[in-house]
Every structure is written in C-alpha cells, then in structure tokens.
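Trainee: First the structure, then my questions, so here it is.
The values are calculated or read from the model by the stated rules, or taken from the named source; none is laboratory data. What you see is a predicted model, and the numbers here were worked out from it, not measured in a lab. Because the Cβ atoms are built from the backbone with ideal geometry, glycine has one as well, and the counts that use them run over all protein chains shown.
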C-alpha cells in the first residue's frame with residue numbers, strides 16, 4: 001500500500017492554496033492611469049479635480065474614474081492610447097508646475113490585498129518606457145581618491161612637524177603618489193611613519209632616480225574596490241533622490257549597478273527622455289553657514305538684519321536666520337557617512353579637504369556653543385507660460401537640512417550629532433548628494449513603445465500557452481490517466497512560479513517568460529522518468545502498488561541530479577549575467593524548485609490518495 005502521513009497531505013494543500021492566493025492578483029490587469037501631484041509651488045485640491053473632469057469631458061475622453069489618493073489625483077483609463085490623449089489635454093490646462101505622470105493603477109481586490117498579495121511587476125520590454133545605460137568615469141573618481149590620500153599624507157607631515165618629514169616634492173603620477181627625498185635615511189624614516197599610519201589603505205615601495213630617493217604610494221586593491229562600490233552606490237542614491245524629488249514619488253524607476261563602472265536606469269511608462277536626462281544630470285551643491293542670533297526673523301523681513309538671510313528648514317518649513325558669510329561649500333567635502341558618536345548615539349561623520357579643514361578649524365574656534373546650518377542648494381527647471389508659450393526657467397532652491405550646535409574644536413573630520421538613526425543616514429546621503437561622486441555619461445538610450453510592450457505580452461502569453469498545450473496533449477496520449485496527473489502538477493507548477501514571483505515582487509521580462517516556457521517543458525521530465533520506471537517495474541511482473549513505490553524511489557536520484565545541474569547553470573547565469581539574463585535565470589531557478597515539488601511530492605500525494613489503499617490489477621499508464 002502507498003500512503004502518505006496526514007502532515008504531507010496537509011503540506012501539499014497549504015502550498016497549493018497559498019500559491020493560488022498569491023498568484024491570483026495577476027489575473028487582474030493594471031489600469032493605465034495618470035497621476036497628478038502638486039509641485040513646490042502648486043497643490044492638488046477640489047478645484048484641480050474639477051478642472052480635470054471638465055477637461056476630459058470637453059475633449060470627449062472616456063475614463064473609468066477620477067479620485068484623490070495618497071499621492072494626489074488618480075485617473076484610470078481602459079486604454080493606453082486614450083491615456084496619452086488625456087495627458088496632452090490635461091497638461092494644456094493645468095499649471096505647468098503640476099506633475100502629470102504616466103502610471104499603472106493596480107486593480108487587486110481588497111480581499112487579496114488583506115493577505116498582502118500583489119501582482120508582480122512588468123519589465124520595460126512588456127510595459128514600455130525608457131532604458132538608459134550610464135557609464136561612470138571611474139578614472140576621475142580614482143584621481144579624487146588619490147587627492148584625498150595626498151591631503152592625508154600632508155596632514156601626517158603637519159602632525160610631525162618637529163621631525164621634518166615633508167617631501168621635497170609630492171606628485172600624483174601613474175596612478176600613484178610619488179614623494180621625493182634628498183637622502184635614503186630620511187626616506188626610510190618617513191616610510192616607517194607612513195606604513196604605520198596607512199597600514200590597510202596604501203602599499204608603499206621605494207626606488208631611486210639619479211641622486212634622489214623616492215617613496216611610491218599605491219592604494220590597496222581592497223580600498224580601490226571599496227571606493228568603487230561606494231561611488232556607484234552614491235551615484236545611484238543621488239539619481240533616485242533626484243527622480244523622486246522631481247516626480248513627487250510618483251515614478252518607480254529601476255536604477256541598478258551593472259558591472260564595475262555602469263548603471264542601468266529604467267523608467268516604465270515614461271516616453272520623455274529629455275526631461276529624464278535633465279533631471280539625472282542636474283547640478284546641486286551645499287553650503288555651511290553660522291546661525292545669526294543678533295536679529296529676529298521679523299527684523300530680517302523688515303530689512304534690518306544686516307549680513308543675514310532667511311532660510312527654511314526642509315522638514316518643518318520653519319524659518320531660520322543664517323549669516324551671509326560662507327564658511328565652506330559641498331566642494332570641500334570629500335566624504336560623509338552615517339556613524340555613531342563616542343556615546344553610541346547616531347551621528348554623521350564628515351571629511352573635508354585641506355582648504356576646508358583649515359577654514360572649519362578657525363570657524364569652530366571662534367563659534368563654540370553656537371549653531372551651524374547646512375544648506376542644500378538645488379537648481380531645478382520649472383515651466384512658465386510666457387506670452388502663451390511654455391518656457392523652461394531655472395530656479396535655485398535653498399533649504400536647511402541640518403542645524404547643529406558646535407560642541408568642540410574640529411577641522412578636517414567632524415561629526416554632526418543630535419539626529420535619529422534614520423535622520424543621520426539620510427543626512428549622510430544628502431551631504432554626498434550635492435554632486436555626483438564622479439562624472440557620468442549616458443552611452444545608450446532606448447525607448448520601448450507601449451504598443452510594442454502589448455505585442456510582447458501577447459507573444460509571451462501565447463508561447464507559454466502553446467508550449468503548455470503541446471506538453472499536456474503529449475502526456476495524455478502517452479501516459480493516459482497518469483498523464484492527467486502530470487498535467488495537474490504542471491498547472492499547479494505554473495501557479496506556484498507566478499506566486500513566488502509575486503511574493504517577492506519580482507519584475508517579469510521577456511527573458512523571464514522564456515524561462516517559464518522552458519520550465520513548462522522541463523516540469524514533466526521528472527514525471528516521465530518516474531512513469532517510465534513504473535512501466536519497467538510492471539513489465540518484470542511487480543504488482544501495481546509495488547511498481548508505483550519503486551518508480552518514485554528509484555527515479556528520485558536521477559531527477560535530483562538532472563535538476564541540480566540545471567540549477568547550478570541557472571545560478572551561474574544569475575551571478576554573472578546582466579538584467580535580461582538574470583530574469584531568465586530567476587524564473588528558471590524558481591521553476592526547477594516548484595517542478596520538483598509538484599512532480600514528486602504533488603503527483604505522489606494524488607496517486608496515494610486515489611489508489612494508494614486499493615488492490616489494483618493494472619495501471620492507466
């Protein structure tokens with residue numbers, strides 16, 4: 001007899017039910033929609049909503065609904081072409097500083113949302129939009145890193161003035177720092193000091209040229225890779241922040257690292273490449289100024305506060321009076337990171353260049369106990385109507401992102417305290433977001449139209465269906481009743497693949513669909529091996545029940561070997577592949593895992609339940 005313990009039947013039922021719940025949202029297609037949000041100078045309100053409704057009706061544009069949501073006003077449509085017409089019409093009547101973003105509104109029923117079930121995302125090749133491949137000028141970033149270490153070496157010389165360690169010349173040459181000395185003894189003395197100071201950061205070597213003795217300092221491979229990773233992360237964070245600020249959080253860009261010096265940026269549903277490029281390449285900077293306590297805000301508004309100006313705090317909008325005298329700018333900051341102070345409290349560690357360090361040292365000596373403000377300056381483009389034409393106008397926005405008390409004397413390195421853990425992390429990012437860590441160049445720009453996305457979806461679905469139908473028909477003809485069980489497992493396998501992708505909110509792409517198509521064919525491999533083994537057992541005279549048991553047990557090692565080797569290939573593709581290849585590897589890996597479960601555990605559970613306790617004279621196989 002073939003029977004499962006009750007817990008195995010329960011496990012199969014739970015997996016299938018959970019899979020159906022989390023796969024179900026994908027049956028409800030997203031509505032093409034427009035999201036209207038306010039900008040820095042305009043806000044959405046009832047009048048905005050009424051204007052939109054009137055515009056849509058006067059242009060005879062059909063829509064499903066117009067409602068307020070947490071981001072502004074959401075308009076749903078049945079067709080993407082209609083949505084495009086609506087966007088053009090709305091932009092003509094609304095203030096140009098409103099954000100009108102293309103979007104896709106989900107239609108997931110509330111009962112499924114209560115379980116946290118949401119559909120998976122559609123990739124750019126299925127939804128349409130913009131794709132950018134961005135090259136980071138790592139050579140420039142590396143030179144900046146060398147300049148920082150050069151300044152650090154200068155600081156070591158200053159700290160040891162009495163020992164007269166300063167080089168006759170110190171130059172950056174051939175991606176290294178070269179220091180020249182008159183005697184070998186002095187060089188060796190300096191070398192010992194530098195090696196002790198920069199043990200994990202730099203590698204030092206010596207060489208002679210003529211009557212001069214040189215020290216050569218190379219940055220260690222570990223530090224180069226660490227700096228490369230930090231540079232890419234900083235640029236990604238800056239780009240994400242700029243996009244989020246520009247579009248008020250309405251856009252969901254995908255900005256990820258690709259290789260050692262490139263970034264891929266994708267913007268689903270967006271067609272205006274010029275606007276996106278302007279945002280990504282925009283300039284921003286920082287300024288440090290002391291708080292002015294000699295006057296009030298009222299005095300400043302009355303024009304009585306000489307040498308002071310009013311600024312607004314970013315988070316609260318509170319007005320703050322700062323001195324016009326500039327201390328340092330973001331150009332003097334070489335690094336900033338979230339850390340903890342000596343008491344374990346959140347802080348932001350800031351590193352300045354040599355010039356900024358000297359200025360900051362003098363400033364803190366004179367202003368102990370007073371507050372210093374960090375001003376974030378951003379140049380944005382706004383559209384204004386001039387003589388009936390929309391004209392782009394640049395505007396500079398200055399906001400205070402931090403106002404902290406100077407608690408001690410500092411210069412090159414200092415900490416900003418009094419922040420929460422989240423605030424310190426955000427401030428560190430802002431301090432580095434004034435400018436990109438290295439220049440960037442857009443080396444590839446690609447636009448995928450929404451009509452092409454529709455065609456890709458249609459072809460992808462058709463390929464899955466055709467492959468599925470061919471496999472189903474073959475299994476029914478070749479294995480009869482047992483073939484039907486394999487087909488049930490195949491259906492459940494597809495459901496589980498979709499469910500897993502949805503649970504992890506993965507992005508489905510064309511290569512991902514290719515992985516699913518391949519999985520459909522591979523999913524019945526395990527059943528073919530099992531069924532052929534059962535046939536062999538029957539042919540040598542074993543009973544049906546014994547043949548079923550032997551078929552599953554003896555085929556398992558072969559099935560495991562075949563699937564593990566395929567899984568290894570998928571993992572390698574995922575680790576070393578780029579975006580599209582990773583999509584293929586992801587669905588293939590998930591498909592291997594789910595097909596193992598449905599083909600071995602699932603079909604065995606059904607067979608055990610239906611015929612496991614019966615005396616059989618033959619099998620429908």
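Trainee: Can you pull out the residues in region 477-505 that are closer than 19 Å to residue 551 by Cβ and touching a helix residue (DSSP H, G or I) at 6+ places or on another chain (Cβ under 9 Å)?
Mentor: Answer for region 477-505, where residues must be closer than 19 Å to residue 551 by Cβ and touching a helix residue (DSSP H, G or I) at 6+ places or on another chain (Cβ under 9 Å): 478, 479, 482, 483, 484, 485, 486, 487, 488, 489, 490.
Trainee: Okay, moving on. Among the residues of region 3-45, how many are assigned to a helix (DSSP H, G or I) and within 24 Å of residue 106 (Cβ to Cβ)?
Mentor: 11
Trainee: What about residue 255, is it crowded, with 17+ Cβ neighbours inside 10 Å, modelled with pLDDT of 90 or more and in contact with a strand residue (DSSP E or B) (Cβ under 8 Å, 6 or more places away or on another chain)?
Mentor: It is false that residue 255 is crowded, with 17+ Cβ neighbours inside 10 Å, modelled with pLDDT of 90 or more and in contact with a strand residue (DSSP E or B) (Cβ under 8 Å, 6 or more places away or on another chain).
Trainee: Report whether or not residue 390 is modelled with pLDDT under 75 and either under 30 Å from residue 42 (Cβ atoms) or in contact with a strand residue (DSSP E or B) (Cβ under 7 Å, 6 or more places away or on another chain) (or both).
Mentor: yes
Trainee: Please enumerate the residues belonging to region 490-516 that are outside any helix (DSSP H, G or I) and surrounded by fewer than 23 Cβ atoms within 10 Å (Cβ to Cβ).
Mentor: 504, 505, 506, 507
Trainee: Report yes if some residue within region 230-240 is in a strand (DSSP E or B) and at pLDDT below 85; otherwise report no. Show your work before the answer.
Mentor: Step one: of region 230-240, the residues in a strand (DSSP E or B) are none.
There is no residue in region 230-240 that is in a strand (DSSP E or B) and at pLDDT below 85.
Trainee: Evaluate the following for residue 74: is it under 26 Å from residue 503 (Cα atoms) and in the same structural domain as residue 488 (by TED's automatic domain parsing)?
Mentor: On the way: under 26 Å from residue 503 (Cα atoms): yes; in the same structural domain as residue 488 (by TED's automatic domain parsing): no.
So residue 74 fails the test.
Trainee: Here is a follow-up. Can you tell me which residue within region 301-322, out of those that are over 15 Å from residue 402 (Cα atoms) and surrounded by 19 or more Cβ atoms within 10 Å (Cβ to Cβ), is modelled with the lowest pLDDT?
Mentor: Of region 301-322, the ones over 15 Å from residue 402 (Cα atoms) are 301-309.
Still in the list and also surrounded by 19 or more Cβ atoms within 10 Å (Cβ to Cβ): 305, 308.
Working: 305: 82, 308: 87.
Residue satisfying both the conditions and the ranking: 305.
Trainee: While we're looking at this one, here's another question. Can you say whether residue 591 is within 21 Å of residue 505 (Cα to Cα), touching a strand residue (DSSP E or B) at 6+ places or on another chain (Cβ under 9 Å) and in the same structural domain as residue 517 (by TED's automatic domain parsing), as far as the supplied structure shows?
Mentor: So residue 591 fails the test.
Trainee: If you check residue 275 against the conditions, is it modelled with pLDDT under 85, under 28 Å from the mean Cα position of the chain (by Cα) and assigned to a helix (DSSP H, G or I)? Give the derivation first.
Mentor: Details: modelled with pLDDT under 85: yes; under 28 Å from the mean Cα position of the chain (by Cα): yes; assigned to a helix (DSSP H, G or I): yes.
Yes; evaluated as a whole, the condition is true for this residue.
Trainee: Would you kindly identify the strands (runs of 3 or more DSSP E) lying entirely within region 46-149 that contain at least 3 residues that are surrounded by fewer than 16 Cβ atoms within 10 Å (Cβ to Cβ)?
Mentor: Because the criterion is at least 3 residues that are surrounded by fewer than 16 Cβ atoms within 10 Å (Cβ to Cβ), the strands (runs of 3 or more DSSP E) in region 46-149 that meet it are 65-69.
Trainee: For region 363-387, which residues satisfy the criterion of being surrounded by 12 or more Cβ atoms within 10 Å (Cβ to Cβ), over 31 Å from the mean Cα position of the chain (by Cα) and at pLDDT 75 or above? Before the answer, list the steps.
Mentor: Taking region 363-387 as the starting set, the residues that turn out to be surrounded by 12 or more Cβ atoms within 10 Å (Cβ to Cβ) are 363-365, 367, 370-384.
Retained after the next criterion (residues that are over 31 Å from the mean Cα position of the chain (by Cα)): 363-365, 367, 370-372, 384.
Of everything in region 363-387, those that are surrounded by 12 or more Cβ atoms within 10 Å (Cβ to Cβ), over 31 Å from the mean Cα position of the chain (by Cα) and at pLDDT 75 or above turn out to be 363, 364, 365, 367, 370, 371, 372.
Trainee: Now a separate question. Tell me, which residue of region 61-81 that is modelled with pLDDT under 85 and more than 28 Å from the chain's Cα centre (by Cα) is nearest to residue 33 (Cα to Cα)?
Mentor: 79
Trainee: Only residues in region 287-298 that are at negative phi and in contact (Cβ under 8 Å) with a residue 60 or more places away in the chain count as the first member; pair them with residues that are surrounded by 19 or more Cβ atoms within 10 Å (Cβ to Cβ) and part of a loop (DSSP other than H, G, I, E, B), Cβ under 6 angstrom, at least 6 apart or cross-chain, and list the lot.
Mentor: Going by the 6 Å Cβ cut-off, the qualifying pairs are 288/327.
Trainee: Looking only at residues in region 460-477 that are within 26 Å of residue 583 (Cβ to Cβ) and loosely packed, with under 12 Cβ neighbours inside 10 Å, which one is modelled with the lowest pLDDT?
Mentor: Per the stated criteria, the residue is 461.
Trainee: Checking residue 453 against (1) surrounded by 19 or more Cβ atoms within 10 Å (Cβ to Cβ); (2) farther than 30 Å from residue 327 by Cβ; (3) modelled with pLDDT of 80 or more, which test does it fail?
Mentor: (3) is the only condition that residue 453 fails.
Trainee: For a quick check of your reading of the model, give me the residue pairs whose first member lies in region 400-427 and is under 13 Å from residue 349 (Cα atoms), whose second is part of a helix (DSSP H, G or I) and modelled with pLDDT of 85 or more, with beta-carbon atoms closer than 6 Å and at least 6 apart or on different chains.
Mentor: From region 400-427, the pairs are 410/364; 411/357; 411/360; 411/361; 412/357.
Trainee: Residue under question is residue 84, and the condition is that it be within 30 Å of residue 595 (Cα to Cα) and within 30 Å of the chain's Cα centre (by Cα); does it hold?
Mentor: No; evaluated as a whole, the condition is false for this residue.
Trainee: Something else: If you go through region 184-213, how many residues are assigned to a strand (DSSP E or B), surrounded by fewer than 17 Cβ atoms within 10 Å (Cβ to Cβ) and more than 42 Å from the chain's Cα centre (by Cα)?
Mentor: 5
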